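Here's the structure, in structure tokens; my notes come after.
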Amino acid sequence: MLQDLSPASFEAHLGTSFHIHYGSQEPLEVVLQGVRRHEPHPGPRAEPFSIYLRSPGPGQGVLPQAIYRVEHPALGMLELFLVPIGPDPKLGGMVYEAVFN
């Protein structure tokens, strides 16, 4: 499934909610805030890209970088390696990046 995803797969869902499942707590709701295309390289993915998911506010804490189950109503359940890259300077909340290369 992951190998079939492209930037367009996510661009169609900008601004929508995803749920990050971690441990036994309620999933963390995040919003897809961006998709960035990378330069092509001789790797397995013809069109490498990153997605950026933002948590709703500062009181959420920070998830460590790890593989998480990320759920979306249209895209289903995805196993993604997420890296916290810092708080959003304008909107607040932590931003997480997943790279598809």
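The values are calculated or read from the model by the stated rules, or taken from the named source; none is laboratory data. These numbers come from a predicted model, not from an experiment. Backbone-built Cβ (ideal geometry, glycine too); neighbour counts: all protein chains shown. Side chains are part of the model used for accessible areas, which takes the heavy atoms of the whole protein and leaves out ligands, DNA and RNA. Shrake-Rupley method; radii C 1.70, N 1.55, O 1.52, S 1.80 Å.
Scanning region 55-74 for residues being loosely packed, with under 15 Cβ neighbours inside 10 Å, of a type in the set (A, V, I, L, M) and touching a Pro at 6+ places or on another chain (Cβ under 9 Å) gives a total of 1. Taking residue 52 as the residue in question, decide whether it is aromatic (Phe, Trp, Tyr) and either over 17 Å from residue 7 (Cα atoms) or out of contact with any strand residue (DSSP E or B) (no Cβ under 8 Å at 6 or more places or on another chain) (or both). No. Taken over region 75-101, the residue count meeting the criterion of being open to solvent by 70 Å² or more (accessible area, probe 1.4 Å), over 19 Å from residue 26 (Cβ atoms) and among the hydrophobic types (A, V, I, L, M, F, W, C) is 4. Contact annotation: residue pairs with Cβ atoms under 8 Å, 6 or more positions apart or on different chains, pairing a residue in region 1-20 that is touching a residue at least 24 places away in the same chain (Cβ under 8 Å) and farther than 14 Å from residue 47 by Cα with a partner that is open to solvent by less than 50 Å² (accessible area, probe 1.4 Å) and of a type in the set (Ser, Thr, Tyr), are 20/68; 20/96.
For the structure I just gave you, tell me whether residue 72 is over 14 Å from residue 2 (Cβ atoms) and of a type outside the set (Asp, Glu).
Working: over 14 Å from residue 2 (Cβ atoms): no; of a type outside the set (Asp, Glu): yes.
Criteria not met by residue 72.
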